[in-house]
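Beneath this line is the structure, given in structure tokens, with notes to follow.
The values are calculated or read from the model by the stated rules, or taken from the named source; none is laboratory data. Please read these numbers as outputs of a predicted model, since none were measured by experiment. Methodologically, a virtual Cβ is constructed for each residue, glycine included, from the backbone with ideal geometry; neighbour enumeration extends over all protein chains shown. These accessible areas exclude ligands, DNA and RNA; they are computed on the full protein's heavy atoms, side chains included. Shrake-Rupley method; radii C 1.70, N 1.55, O 1.52, S 1.80 Å.
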Amino acid sequence: MRLLGKNKENSIENLSNGPGTEVGTRMFTNKYLIRLLWPLFVEQLLVFAIGIADSFMVASVGEEAVSAVSLVDSIMMLLITIMTALATGGAVVVGQFLGQKKEAEARKAGDQLLSLIIVAVMYIFRKGLLPLVFGNVEPQVMAYCNTYYKIVVATVPLIAVYNAGAALFRSIGNSKIAMKISLLMNVI
């Protein structure tokens, strides 16, 4: 995968004022920062919209199902936040290598962003995790929690791939692609 695009608009050289940048001048224009940040806001809104859509879909099943979805989604939001933070931290390292014109090291760092250890732990310890986190909830709510949790944990590897890819695209200045993929996921 080539991290530096051929498109001059997204190239690392085009992100700063160049080698002769004077102290006290801005490296990035406000227009560029807005162009980079607005897709992030939309993407995060869409991430939370998935949880709301889940609750709407199970509302016809009953209160227990809505409770279960809400409880499991709270764990999933924590997990997604942790994965996003790890991917973003890794993308910082990638960005530093790209800034130093070390593409080989950037590729190696990018390859390490994806770790499925969290997924394995979440699945293996699911029977103890749900009662530990939620305590003594109604038996029907816990049954729905177990069912919904198994379904949602199966999607976590895909979310991990998405977070790693989105962080890498952000590190090269292309945050729109992550927003478009998030929009597509919400539509699906």
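Among residues of segment 103-115 that are more than 10 Å from residue 168 (Cβ to Cβ) and part of a helix (DSSP H, G or I), those with a beta-carbon under 7 Å from a residue that is open to solvent by less than 80 Å² (accessible area, probe 1.4 Å) and modelled with pLDDT of 85 or more at least six positions away or on a different chain give the pairs 105/97. Going by the structure shown, is residue 129 open to solvent by less than 30 Å² (accessible area, probe 1.4 Å) and either within 22 Å of residue 188 (Cα to Cα) or out of contact with any Cys (no Cβ under 9 Å at 6 or more places or on another chain) (or both)? Spelling it out, it is not the case that residue 129 is open to solvent by less than 30 Å² (accessible area, probe 1.4 Å) and either within 22 Å of residue 188 (Cα to Cα) or out of contact with any Cys (no Cβ under 9 Å at 6 or more places or on another chain) (or both). Within 20 Å of residue 38 (Cβ to Cβ) and surrounded by 13 or more Cβ atoms within 10 Å (Cβ to Cβ), is that true of residue 118? Here the answer is no, as residue 118 does not meet what is asked. Evaluate segment 156-171: report whether one residue or more is open to solvent by 70 Å² or more (accessible area, probe 1.4 Å) and among the charged types (D, E, K, R). Within segment 156-171, not a single residue is open to solvent by 70 Å² or more (accessible area, probe 1.4 Å) and among the charged types (D, E, K, R).
Checking each residue in segment 89-106 for being of a type outside the set (Gly, Ala, Ser) and surrounded by fewer than 16 Cβ atoms within 10 Å (Cβ to Cβ) picks out 92, 96, 100, 101, 102, 103, 105. Filtered by the rule that a residue be open to solvent by less than 30 Å² (accessible area, probe 1.4 Å) and under 22 Å from residue 136 (Cβ atoms), segment 34-83 gives 62, 65, 68, 69, 72, 73, 75, 76.
Within segment 116-143, the set of residues being closer than 18 Å to residue 69 by Cβ and either outside any loop (DSSP other than H, G, I, E, B) or touching a His at 6+ places or on another chain (Cβ under 6 Å) (or both) comprises 122, 126, 129, 130, 131, 133, 134, 139, 140, 141, 142, 143.
Across segment 118-149, the number of residues qualifying as basic (Lys, Arg) and in contact with a helix residue (DSSP H, G or I) (Cβ under 7 Å, 6 or more places away or on another chain) comes to 1.
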